[in-house]
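Data first, discussion second: the structure below is written as structure tokens.
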Amino acid sequence: EADIYQTPRYLVIGTGKKITLECSQTMGHDKMYWYQQDPGMELHLIHYSYGVNSTEKGDLSSESTVSRIRTEHFPLTLESARPSHTSQYLCASSTGGHAAKNIQYFGAGTRLSVL
Amino acid sequence: DQQVKQNSPSLSVQEGRISILNCDYTNSMFDYFLWYKKYPAEGPTFLISISSIKDKNEDGRFTVFLNKSAKHLSLHIVPSQPGDSAVYFCAALAGANNLFFGTGTRLTVIP
């Protein structure tokens with residue numbers, strides 16, 4: 001059973017607000033990821049981290065930012081939310097390395113609606 | 001351009017019959033393939049995987065087949081159960097790099 005938690009599960013917010021989506025894992029995994037998924041579409045990687053103080057942008061350009069100050073915590077921030085940011089955001093973690101060690105475990109996701 | 005493709009957005013199967021979900025990929029560097037299952041309002045859950053050095057991996061009711069020459073893999077579920085109703089994502093990776101996901105296939109198992 002994977003222990004990775006995302007809060008909030010659902011968020012409805014007005015345009016221009018600053019929001020932070022929380023993600024924490026208790027498995028001691030080095031690698032963490034943020035994906036964005038729209039209905040009927042594939043998961044798009046927007047950020048990842050190989051460890052503390054390491055963050056990289058993913059395949060899909062995003063206006064969000066991330067930080068990795070602690071191994072277990074990988075929050076995602078939107079400085080000024082817009083309706084185009086409405087989506088589901090999924091956090092994942094893995095031990096890293098090749099193949100079977102790179103199996104990613106996902107949180108339940110945050111469904112964000114920006115009005 | 002999408003490197004992992006699931007061309008069937010949905011599939012309906014009678015309970016007890018076999019479900020076959022298909023996935024195609026374009027990147028010949030992919031060497032490990034995974035299937036994830038996703039229920040509504042939950043994150044994807046790892047289901048089964050296969051290395052490119054194998055052509056079959058079985059785990060209980062779930063079997064994944066890999067055809068490298070065709071760049072095709074499939075997930076077989078037999079017998080299908082109503083609890084298997086979910087969205088199934090195919091994913092692939094090359095080495096220690098990041099995962100590429102397909103768009104998913106929604107499986108409905110009819111009691």
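The values are calculated or read from the model by the stated rules, or taken from the named source; none is laboratory data. Everything numeric in this text was worked out from a predicted model, so none of it was measured. Cβ: placed from backbone, ideal geometry, glycine included. Neighbour counts: every protein chain shown. Quick note on the areas: whole protein, heavy atoms, side chains included, nothing else; ligands and nucleic acids left out. Shrake-Rupley method; radii C 1.70, N 1.55, O 1.52, S 1.80 Å.
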Residue hits (the range A:38-47; assigned to a strand (DSSP E or B) and open to solvent by 20 Å² or more (accessible area, probe 1.4 Å)) are A:His44
Of the conditions (1) under 22 Å from B:Leu99 (Cβ atoms); (2) modelled with pLDDT under 95; (3) open to solvent by less than 10 Å² (accessible area, probe 1.4 Å); (4) over 10 Å from the mean Cα position of the chain (by Cα), the single one that A:Ala99 does not satisfy is (3)
Out of (1) away from chain B (no Cβ under 14 Å); (2) outside any loop (DSSP other than H, G, I, E, B); (3) buried (at least 20 other Cβ atoms within 10 Å of the Cβ); (4) not hydroxyl-bearing (Ser, Thr, Tyr), the one A:Leu90 does not meet is (1)
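Of everything in the range A:48-66 that's within 11 Å of another protein chain (Cβ to nearest Cβ) and closer than 18 Å to B:Ala91 by Cβ, which residue is surrounded by the most Cβ atoms within 10 Å (Cβ to Cβ)?
Going residue by residue through the range A:48-66, those that are within 11 Å of another protein chain (Cβ to nearest Cβ) are A:48, A:50, A:56, A:58-59.
Narrowing further to those that are closer than 18 Å to B:Ala91 by Cβ: A:48, A:58-59.
On the way: A:Tyr48: 22, A:Gly58: 16, A:Asp59: 12.
Per the stated criteria, the residue is A:Tyr48.
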Of the candidates B:Gly43, B:Gly60, B:Gly95, B:Gly102, the one satisfying the condition of being at positive phi and either in contact (Cβ under 8 Å) with a residue 40 or more places away in the chain or in contact with a Phe, Trp or Tyr (Cβ under 6 Å, 6 or more places away or on another chain) (or both) is B:Gly95
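Out of all the residues in the range A:19-31, is one or more at the interface with chain B (Cβ under 8 Å from one of its Cβ atoms), in contact with a strand residue (DSSP E or B) (Cβ under 8 Å, 6 or more places away or on another chain), closer than 25 Å to B:Ser49 by Cα and assigned to a loop (DSSP other than H, G, I, E, B)? Break it down stepwise before answering.
Step one: filter the range A:19-31 for residues at the interface with chain B (Cβ under 8 Å from one of its Cβ atoms), giving none.
Within the range A:19-31, none of the residues are at the interface with chain B (Cβ under 8 Å from one of its Cβ atoms), in contact with a strand residue (DSSP E or B) (Cβ under 8 Å, 6 or more places away or on another chain), closer than 25 Å to B:Ser49 by Cα and assigned to a loop (DSSP other than H, G, I, E, B).
Take B:Val87 and tell me if it is of a type in the set (A, V, I, L, M), open to solvent by less than 10 Å² (accessible area, probe 1.4 Å) and closer than 26 Å to B:Gln2 by Cα.
So B:Val87 fails the test.
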Filtering the range B:70-84 down to residues that are open to solvent by 10 Å² or more (accessible area, probe 1.4 Å) and among the aliphatic types (A, V, I, L, M) yields B:Ala70, B:Val78
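What is the residue count in the range B:46-69 for residues that are among the hydroxyl-bearing types (Ser, Thr, Tyr) and surrounded by 15 or more Cβ atoms within 10 Å (Cβ to Cβ)?
Matching residues across the range B:46-69 total 3.
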If I filter the range A:3-18 for residues that are surrounded by 13 or more Cβ atoms within 10 Å (Cβ to Cβ), assigned to a strand (DSSP E or B), in contact with a Gly (Cβ under 9 Å, 6 or more places away or on another chain) and free of Cβ contacts under 8 Å to residues at least 24 places away in the same chain, do I get at least one hit?
no
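Does B:Leu99 meet the test of being modelled with pLDDT of 95 or more and either surrounded by 19 or more Cβ atoms within 10 Å (Cβ to Cβ) or among the hydrophobic types (A, V, I, L, M, F, W, C) (or both)?
On the way: modelled with pLDDT of 95 or more: no; either surrounded by 19 or more Cβ atoms within 10 Å (Cβ to Cβ) or among the hydrophobic types (A, V, I, L, M, F, W, C) (or both): yes.
No.
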